[in-house]
Each structure stands twice: as structure tokens, then as C-alpha cells.
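J.: Before I ask anything, here is the structure I am working with.
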Amino acid sequence: MKTTTIKIQKREEANKQNIAVLDELVAPDFFHPTWQLRGPEGMKQFYTMFLKGFPDCHETIEDIIAEGDNVWARITYTGDTYWRISWICPHW
């Protein structure tokens with residue numbers, strides 16, 4: 001599957017709030033240094049918490065560029081928040 005196809009599929013599934021798809025889309029050795037997330041389980045825990053704060057979140061890919069295994073995307077997030085989101089960005 002092409003990398004751009006995977007990126008677009010992830011966004012479509014995120015908009016449906018289907019976090020189970022992360023098992024297919026996140027590598028077992030994935031690591032997110034900011035939030036200390038590891039593998040698909042780490043991403044599923046993050047998205048579960050994220051969707052509690054943003055239950056109507058919608059992601060739109062504005063631009064996407066792919067070269068080899070690398071993908072860069074400019075994404076717009078819209079939705080309402082129902083709690084303080086300092087766990088995402090402490091200075092908010």
C-alpha cells in the first residue's frame with residue numbers, strides 16, 4: 001500500500017473515530033517522543049483520551065506530499081472541546 005494511501009486512510013478512519021485501524025497503520029516500533037507513545041497501543045490510548053475531549057473532532061488533509069517512505073501533511077482539525085486541553089499543550 002502506498003504511504004499516501006495509508007495517511008489518507010488514517011484520516012478517514014479517525015473521522016469515523018475508528019481507533020482499531022491503528023493496529024494496521026502504526027508500526028510496532030513506533031515512538032512519539034513528545035508524549036512518550038509506543039506502538040499501536042500507545043496511539044490507541046492517546047486517541048481514546050483525545051476523543052473524550054474532542055468528541056466531534058474532524059481532520060481534513062489540506063496538503064500532502066510523499067517521497068519514498070516519508071509523508072508530510074498539513075492538516076486542519078475542527079471541533080468543540082469539553083474540557084481543558086493542557087495535557088496536549090501545557091501553555092494553553
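J.: Please give the number of the condition residue 44 fails out of (1) of a type in the set (D, E, K, R); (2) over 12 Å from the mean Cα position of the chain (by Cα); (3) surrounded by 10 or more Cβ atoms within 10 Å (Cβ to Cβ).
T.: (2)
J.: On to the next question. For the stretch 24-66, give me each residue that is farther than 14 Å from residue 14 by Cβ and of a type in the set (Ser, Thr, Tyr).
T.: 34 - this is the single residue of the stretch 24-66 that is farther than 14 Å from residue 14 by Cβ and of a type in the set (Ser, Thr, Tyr).
J.: Under 6 Å between Cβ atoms, at least 6 apart or on separate chains: pull out the pairs that start in the stretch 14-42 with a residue that is more than 20 Å from residue 76 (Cβ to Cβ) and modelled with pLDDT of 85 or more and end on any residue that is in a helix (DSSP H, G or I) and of a type in the set (Phe, Trp, Tyr).
T.: Within 6 Å, the pairs are 19/47; 37/46.
J.: Additional query: Which residues, counting only those in the stretch 69-88, are closer than 13 Å to residue 54 by Cβ, at pLDDT below 75 and surrounded by fewer than 10 Cβ atoms within 10 Å (Cβ to Cβ)?
T.: 83, 84
The values are calculated or read from the model by the stated rules, or taken from the named source; none is laboratory data. What you see is a predicted model; the values in this text were computed from it and never measured. Here the Cβ is made from the backbone with ideal geometry for all residues, glycine too, and neighbour counts use every protein chain on show.
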